[in-house]
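What follows is a single structure, written as structure tokens, with notes after it.
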Amino acid sequence: MFPIHVAAVQYATEMYDKTHNTDKAIHLLDKAAHLADLVVLPEISFTGYWLGKDMKRFAEPVPGPLTTIISQIAVTRNAWICFGLAEREGEKIYNTAVLIGADGNIVGKHRKVHLFQADLEAGFSPGNELSVFETSLGRIGILVCYDAFHIESIRVLDLKGAQIVLMPSVGLSSPDKIEDTMRSWEIVLTANSKFGRCYVIWANKIGKDNNLICIGNSMILDPNGNIIARGGTEEEIVRAKIQLEPKMPREGRRPELYTPICMV
């Protein structure tokens, strides 16, 4: 297998300024896509996260305006891109991560299954599926933030053959519990990569959201649970070169027996 250059982009967003956030994200994304084959942006990439019912006015369809913009960058830079947004479908909204291929086409999307308090306050509906997408880079699965805290999520993706799992996130902490929150994420991400037998690319925000701290520290982990690249608490592009290996199926396990359900 050929080496793959991957990147997680971390930055701060202003709570209600979608135009400012989009300009910043696109600038960093274009820079990252120039350097990497696969780029991951954080959860709800273009607005604040804890917006309550105001989230609905920022939701848009998939495909829609944001997927069109990201597709153009993907084609120009010949890169695969995953990003998070509030997706609208009919009367419902979802916390969704979209994967766009280097040809500009939407490869697939994942609607967050396990909703956090902020998701519930925003009125998000839960997703009900965990998918793995066959790509020229390998088999790619997606989880969004709190999905990772429910280990059955990564087990389903493992059983479906995922070699890389992308995790757009907004990891939040009160100012007095940052170390505890960071330690929790380290444990969770290590467990996901180890039990999922896959590379994990965790893209997290920095700054503040709803008076909470976005802890940054975006990470890339190998299938043995080792952190091979890690960011700090500043705006940056976290990069690594990975090499996929053939993945043997787990004997006697059936992914259909692990159907995800919403857990809050």
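The values are calculated or read from the model by the stated rules, or taken from the named source; none is laboratory data. Just so we're clear, the structure is a prediction, and the values are computed from it rather than from any experiment. Virtual Cβ from ideal backbone geometry, glycine too; neighbours counted across all protein chains shown. SASA here: full protein model, heavy atoms, side chains in, ligands and nucleic acids out. Shrake-Rupley method; radii C 1.70, N 1.55, O 1.52, S 1.80 Å.
Counting only lysines at least 8 places from residue 92 when in the same chain, those with an alpha carbon closer than 26 Å to its own are 18, 53, 56, 109, 112, 205. Computed from backbone phi, the HN-Hα couplings of segment 218-225 come to 3, 10, 10, 10, 8, x, 9, x Hz, rounded to whole numbers (Karplus: 6.51 cos²θ - 1.76 cosθ + 1.60, θ = phi - 60°; Gly and Pro given as x). When mean projected area of the Cα convex hull in nm² is calculated for this entry, the matching label among (i) 22.8; (ii) 12.4; (iii) 19.3 is (ii). Charge dipole (Cα centre; +1 on Lys/Arg Cβ, -1 on Asp/Glu Cβ; no other charges) of segment 136-223 amounts to roughly 260 debye. With a simple spin-label model that places each label point 7 Å from the Cα along the Cα-to-Cβ direction, the separation between residue 31 and residue 2 comes to 2.7 nm. Mean sequence separation of contacting Cα pairs (under 8 Å, at least six apart), scaled by the length of the chain, corresponds to a relative contact order of 23 percent.
Only sites in a loop by DSSP and with at most 15 other Cβ atoms within 10 Å count here; which chymotrypsin sites (Phe, Trp or Tyr not before Pro) in segment 1-65 make the cut?
Details: sites: 11, 16, 46, 49, 50, 58; in loops: 11, 16, 46, 49, 50.
Sparse-neighbourhood loop chymotrypsin sites (Phe, Trp or Tyr not before Pro): 16.
Partner aspartates and glutamates whose Cα lies under 17 Å from the Cα of residue 31, excluding those fewer than 8 positions away in the same chain, are identified as 23, 234, 235, 236.
Can you give the FRET efficiency to the nearest 0.05 for residue 78 and residue 187, using r as the Cβ-Cβ distance and R₀ = 45 Å?
Details: r = 36 Å, r/R0 = 0.80.
It comes to 0.80.
Taking label positions 7 Å along the Cα-Cβ direction at both residue 120 and residue 247, the computed distance is 3.1 nm, reported to one decimal. Highest mean packing comes first when the peptides 145-151, 81-87 are listed by Cβ atoms within 10 Å, giving 81-87, 145-151.
Please list, ordered by chain and number, the residues whose modelled amide H lies under 5 Å from the amide H of residue 141; skip anything fewer than 5 residues away on the same chain. Here the answer is 133, 163, 164, 165, 166, since their amide H atoms fall under 5 Å of that of residue 141. The order of the peptides 88-94, 176-182 by mean Cβ neighbours within 10 Å, most packed first, is 88-94, 176-182. In this Cβ point-charge picture (+1 for Lys and Arg, -1 for Asp and Glu), the chain has a dipole of about 460 debye about its Cα centre. Projecting the Cα atoms of 83, 138, 225 onto the charge dipole of the chain, computed from C-beta unit charges around the Cα centre, puts 138 farthest toward the positive end.
Quick check on segment 12-134: take the gyration tensor over C-alpha atoms, sort the square-rooted eigenvalues as a ≥ b ≥ c, and tell me if it's rounded (a/c under 1.5), prolate or oblate.
It comes out oblate by the Cα gyration axes.
Report in % the part of the accessible area of the chain that belongs to carbon and sulfur, leaving out ligands and nucleic acids; probe 1.4 Å. Mind showing how you got there, number by number?
Values: 5680 of 11180 Å².
On the chain, the fraction of accessible area on carbon and sulfur atoms equals 51 percent.
Using 0.36 nm per residue, how much length does the chain from residue 180 to residue 224 gain when fully extended, once their Cα-Cα distance is taken away? Intermediate results must be reported in sequence, preceding the final value.
Numbers: separation 44, 0.36 × 44 = 15.84 nm, distance 2.30 nm.
So the extension gain works out to 13.5 nm.
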